[in-house]
């Protein structure tokens, strides 16, 4: 069986970021830049005051000196003259420093009287002055390509004078849940059937990865319907199926899509929960076939689909949110499948992150998956570990998972 | 001056979560539940097979036994009969266990021939059978109130048969940037002026907190315009201003909004970057006045606005993403203002999180803020610390900040 790392590498290898589109700055949050964004101006554009006070010549800046206030320069209203000896100009945070001045007297250190001001403290040349370009200069890179924009980036790109942004188009991901036994929430449930959770859980995961999900109608276990449903995936950036991927008589995905030209790369991976996992290509559309079991579908979705959508979205090397934690309880040795144990996290007073696996790891228990804070990663043949040992975990409380 | 903790408590105290609205399950991702969501069915509804194979009586389950296959039960198509002695029923993952059967023979342990099957391994009663209600039972709480829904929750609520969700309405947050010296990106820039970054950075932060930003036109430093702009905030859940909050001559927010009935709770906080920070109420609308400096606005936004919007959004006690890290370089003693040092994070091979403050901490440097991974929290009068000391940090690489 294929290892998890090799399967992921083979899924990611053919994927390319979507082309760029233009969006307004106000819609740029969490989008991924398609090119480096350069500053369109120098910031600050000229030397500015960092405080409210008075501009003066440092040569006049000894304590007790009285200066004549010859002008006012509110922010946005520069004073056009030149500050001469014995002169000062009233200014405010963000005001342009007038020519001739090279020091700031803070308002709280000044005694104003009529059109004069007296220094209660000495001033220091350059102090409280923000030099032109101190933050950034025209044509400097503000944000590299491939960055998912946070609120701070949006602020920086605004300051760099960008009303529009070039970002990768959100990858469109078709999601096809299969099975005679499943129904959408609120729809009539077949005898002995269950409500489908995979389609909408995977759609949310696609959103979390920066994609745009397209949930197709549920396909019953019927060759023709399944093949027709797959046609709906044409023009998508990725097709994801759930169910029908294992080796039983009723596993139709491979054969039904085979009639539509599915080229299969592999169909089992040494992973738990999971194992039946198809990777291939249906015409131009890359395809990932996840297991039908909801817990397996979600875990395999995190391990394989999340990075695939991130790569399509332009996040080239986005790693899974893996971190270290200390075991709160012992673990048995692992077999030949890479395991992902559902677990809770707690932080000790000294900051140590403690992870404890649920006693029950049955892959049908969706409620435990939703309650889990993390997945403990267990390599194939990993030895038994005592409480206190260090393990790698995927944090599920991040990324909207 | 007010402490950061007291200021935050006074900002949060009067805020209440918005009322509920109904959204489709497919739009529930990242929304906050307004009530506990109970399971509408029992999952699994009946005992189901966890594997492909055959249902039989455990009493018939010794190795070498040959059984007559009397029926087939694909998932979604239960077999209605009763399994008698010497009989087996073919089934698949998700199939309902027929009456009479209490054991599963795995497909890989079975030799099928005509309408018989022979056990190559003994079976164990109950093994590979998922009992009714093993995941959850009708009326059990699937998701509590006040939870921001992740992809796994969406799957669980789907499985619990919920096509609609009751979630808190996204709080509407009016954002009003003020100042003669600022212009929106792409608009003409006043002499000596700068491009406004606060409005759109704060709008993104509001989105990150689960709110819906309403960016008002920039208000020049003009009493009448400012007061009129504030009228636009009627009916909003929160008004946020930036700029015009300090003690200089051109700080109009307090006086202009005072004419519109602003009741001020406080207007300075012992925080850096920041300090001028208004909290009050304009008629029915709570108001937070952030500093105009972009770095101060963003840091005060994270410390005060983020939890405020989260509380309005129904996340009652959402803490800031504070974690512990080890200093990569020494820090000087702090003065009387609670400081937030912009810093980078790195993870050592042993998993230790190392945080290192940028040498420059000038609050005009928006690019450094965007490049920071974390803010180091420095309590008022905190002593100097050597490299290797443990500090608290706010992680900025989470939450879309």
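Each value in this text was obtained by applying a stated rule to the coordinates, not by laboratory testing. What you are looking at is a predicted structure, and each value in this text was computed from that prediction instead of being measured. Positions of Cβ are backbone-derived with ideal geometry, glycine not excepted, and every protein chain shown enters the neighbour counts.
Just a few scattered comments:
- Residue with peak Gaussian network fluctuation, chain B [Cα springs, cutoff 10 Å], from B:349, B:14, B:74: B:349
- The spacing between the stretch B:37-69 and the stretch B:116-136, judged by their C-alpha centroids, is 5 Å.
- Percent of Cα-Cα distances greater than 16 Å, calculated over the stretch B:31-76: 63
- Chain B residue nearest the axis that carries B onto A, by Cβ, with distance in whole Å, is B:398, 3.
- Of A:229, A:58, A:270, the residue with the greatest mean-square motion in the GNM of chain A, using alpha carbon springs below 10 Å, is A:58.
- Over the stretch B:111-206, equivalent-ellipsoid semi-axes from the Cα gyration tensor in Å: 62, 19, 10
- Oblate is the label for the stretch A:322-395, because a/c, from the alpha-carbon gyration tensor with a ≥ b ≥ c as root eigenvalues, is 1.5 or above and a/b does not exceed b/c.
- In plain terms, if you count all Cα to Cα distances in the stretch B:155-232 and split them into 10 Å steps from zero, the share in each step is 17, 33, 25, 11, 9, 4, 0 percent.
- The protein assembly as shown - Kirkwood radius from inverse mean 1/r over Cα pairs (Å): 29.4
- Degrees separating the helix A:198-208 axis from the principal Cα axis of chain A, which is the longest one: 20
- Building the convex hull from the alpha-carbon atoms of the stretch B:256-401 and averaging its projection over directions returns 9.9 nm².
- Global dimensions of the stretch B:48-130 from alpha-carbon coordinates: Rg and Dmax equal 10.7, 30 Å.
- Each label was represented as a point 7 Å from its Cα along the Cα-to-Cβ direction; for residue B:38 and residue A:379 these points are 4.9 nm apart.
- Taking N as its residue count, the alpha carbon Rg of chain A over 2.2 N^0.38 Å: 1.43
- Three principal axis lengths of the stretch A:200-326 [C-alpha, angstrom, descending]: 48, 30, 25
- The radius of gyration of the Cα set in the stretch A:12-156, together with its Dmax, comes out at 21.6, 75 angstrom.
- Working from label points 7 Å from Cα in the Cα-to-Cβ sense, the residue B:387 to residue A:260 distance is 5.9 nm.
- Net length gained if the chain between residue A:335 and residue A:111 were fully extended (0.36 nm per residue, minus Cα distance): 72.7 nm
- Inter-site label distance for residue A:225 and residue B:21 at 7 Å from Cα along Cβ, in nm: 3.5
- Mean residue ellipticity (222 nm) of chain B, computed from DSSP H runs ≥ 4 via -39,500 (n - 2.57), nearest 500: -4500 deg cm²/dmol
- Highest GNM mean-square fluctuation among B:193, B:261, B:351, for chain B modelled with Cα contacts below 10 Å: B:351.
- Each peptide in A:295-306, A:38-49 receives the mean, over its residues, of other Cβ atoms within 10 Å, and ordering these scores from highest gives A:295-306, A:38-49.
- Separation between Cα centres of the stretch A:253-274 and the stretch B:251-273, rounded to whole Å: 63
- Inter-centroid distance (Cα atoms) of the stretch B:180-249 relative to the stretch A:90-107, Å: 24
- Cut-off 18 Å (backbone N to label point 7 Å along Cα→Cβ of residue B:10), residues of the stretch B:229-243: B:239-241
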